[in-house]
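Single-structure report; data block below.
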Amino acid sequence: MGVESKKSAPIGVFDSGVGGLTVVREIVRQLPNENIVYFGDTARVPYGSKSRQTIIRFSEQIIRFLKTKEVKAIVIACNTASALALDAVRDEYDIPILGVVVPGARAAVEATVNKKVGVVGTDATVQSGGYWAVEVIEKACPLFVPLVDEGFKEHVVTREIIEYYLESMRATDIDAMILGCTHYPLLRSKIRAYLGDRIQIVNPAYETAMDLRALLKEQAMENDGTEDRKSHYEF
């Protein structure tokens, strides 16, 4: 692939379902000239209850599919797959692959004052121990993903489940909390309303988009928008 074709090649993004669209939204905002191919694995959602070996296998299959679309880089817009599969697939493929865990952890470290951070995520993400560098209080919230995917985010049951999961988190003295699953920003307003203003909500999507932009620039793959056409998005 030549330099110019690399610049115009799309970015591949994948998640277990619709949650990764929160990352795509930020990539579109920050890198408006880039083309995007998004894969949402709605057939096998949720990932959070599955084993590391299974998540690696799913990730490998999706990456192989995205490579048929001639993508120039891949963003794993899924915290579970980032925590469990990123290292394995990075070693396997000759294409830049980014996850969302490290950008999210870095943003939380920058946001916290008292160095006490909460993390809400899937069972697999929480058990992975992927978040560190500060005192971390973790809470698995497995029902958040199906609530989002089934369109229940405005339902009263969602408010009740947020309270059920986060009551103990609200009682701690954390001052920042990572939304450690890309589905969770779709519940952000309700989570913020329950936790109050004392706790800063960290959504890793922005930092992930910034890391992607830096990577593309460093490797001379950034789309400079010289082609006179709109960006193309394929879902």
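The values are calculated or read from the model by the stated rules, or taken from the named source; none is laboratory data. Bear in mind that the values here come from a model prediction, so they are computed numbers and not experimental data. FYI the Cβ positions are ideal-geometry reconstructions off the backbone, even for glycines, and counts take in every protein chain you see. Heavy atoms of the whole protein, side chains included, go into the accessibility calculation; ligands, DNA and RNA do not. Shrake-Rupley method; radii C 1.70, N 1.55, O 1.52, S 1.80 Å.
Only one of (1) touching a residue at least 40 places away in the same chain (Cβ under 8 Å); (2) more than 25 Å from Asp224 (Cα to Cα); (3) in contact with a Gly (Cβ under 6 Å, 6 or more places away or on another chain) is not met by Val37, so which one is it?
Evaluating Val37 over (1) touching a residue at least 40 places away in the same chain (Cβ under 8 Å); (2) more than 25 Å from Asp224 (Cα to Cα); (3) in contact with a Gly (Cβ under 6 Å, 6 or more places away or on another chain) leaves (2) as the failure.
Okay, residues lined up against (1) out of contact with any strand residue (DSSP E or B) (no Cβ under 8 Å at 6 or more places or on another chain); (2) modelled with pLDDT of 95 or more; (3) not aromatic (Phe, Trp, Tyr):
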site: Ile27; (1), (2), (3): no, yes, yes
site: Val37; (1), (2), (3): no, yes, yes
site: Ser49; (1), (2), (3): yes, no, yes
site: Ile55; (1), (2), (3): yes, yes, yes
site: Glu60; (1), (2), (3): yes, yes, yes
site: Ala88; (1), (2), (3): yes, yes, yes
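When you scan the range 157-170, do you find a residue that is in contact with a helix residue (DSSP H, G or I) (Cβ under 8 Å, 6 or more places away or on another chain), in contact (Cβ under 8 Å) with a residue 12 or more places away in the chain and closer than 28 Å to Val37 by Cα, even just one?
no
Do we find a residue being in contact with a Cys (Cβ under 7 Å, 6 or more places away or on another chain) and either farther than 19 Å from Gly20 by Cβ or open to solvent by 50 Å² or more (accessible area, probe 1.4 Å) (or both) anywhere in the range 148-162?
For the range 148-162, residues in contact with a Cys (Cβ under 7 Å, 6 or more places away or on another chain) and either farther than 19 Å from Gly20 by Cβ or open to solvent by 50 Å² or more (accessible area, probe 1.4 Å) (or both): absent.
In the range 1-32, which residues are farther than 27 Å from Val202 by Cβ and either buried (at least 23 other Cβ atoms within 10 Å of the Cβ) or not acidic (Asp, Glu) (or both)?
Within the range 1-32, Met1, Gly2, Val3, Ser5, Lys6, Lys7, Ser8, Ala9, Pro10 qualify.
With (1) more than 19 Å from Leu86 (Cβ to Cβ); (2) polar (S, T, N, Q); (3) outside any loop (DSSP other than H, G, I, E, B) as the list, and Thr208 as the residue in question, which single condition is left unmet?
For Thr208, the failing item is (1).
Anything in the range 177-192 that is free of Cβ contacts under 8 Å to residues at least 24 places away in the same chain and hydroxyl-bearing (Ser, Thr, Tyr)? List them, or say none.
Once the filter is applied, which keeps residues that are free of Cβ contacts under 8 Å to residues at least 24 places away in the same chain and hydroxyl-bearing (Ser, Thr, Tyr), the range 177-192 yields only Ser189.
Just checking, how many residues over the range 193-222 are open to solvent by 60 Å² or more (accessible area, probe 1.4 Å), in contact (Cβ under 8 Å) with a residue 24 or more places away in the chain and either of a type in the set (Gly, Ala, Ser) or touching a Cys at 6+ places or on another chain (Cβ under 8 Å) (or both)?
Here the count works out to 0.
Exactly one of (1) open to solvent by less than 80 Å² (accessible area, probe 1.4 Å); (2) part of a loop (DSSP other than H, G, I, E, B); (3) of a type in the set (S, T, N, Q) is unmet by Ser168. Its number?
Ser168 satisfies every listed condition except (2).
Based on this model, can you work out whether Val37 counts as in a strand (DSSP E or B) and among the β-branched types (Val, Ile, Thr)?
yes
Could you pull out the residue among Val102, Val109 that is open to solvent by 50 Å² or more (accessible area, probe 1.4 Å), β-branched (Val, Ile, Thr) and within 22 Å of Tyr206 (Cα to Cα)?
Val102
Restricting the search to the range 73-96, which residues are out of contact with any Gly (no Cβ under 7 Å at 6 or more places or on another chain), open to solvent by 10 Å² or more (accessible area, probe 1.4 Å) and of a type outside the set (Asp, Glu)?
Leu84, Ala88, Arg90, Tyr93, Ile95, Pro96
Could you list, in sequence order, the residues of the range 33-72 that are open to solvent by 30 Å² or more (accessible area, probe 1.4 Å), closer than 23 Å to Leu215 by Cα and hydrophobic (A, V, I, L, M, F, W, C)?
If the condition is that a residue be open to solvent by 30 Å² or more (accessible area, probe 1.4 Å), closer than 23 Å to Leu215 by Cα and hydrophobic (A, V, I, L, M, F, W, C), then Phe39, Phe65 are the ones that fit.
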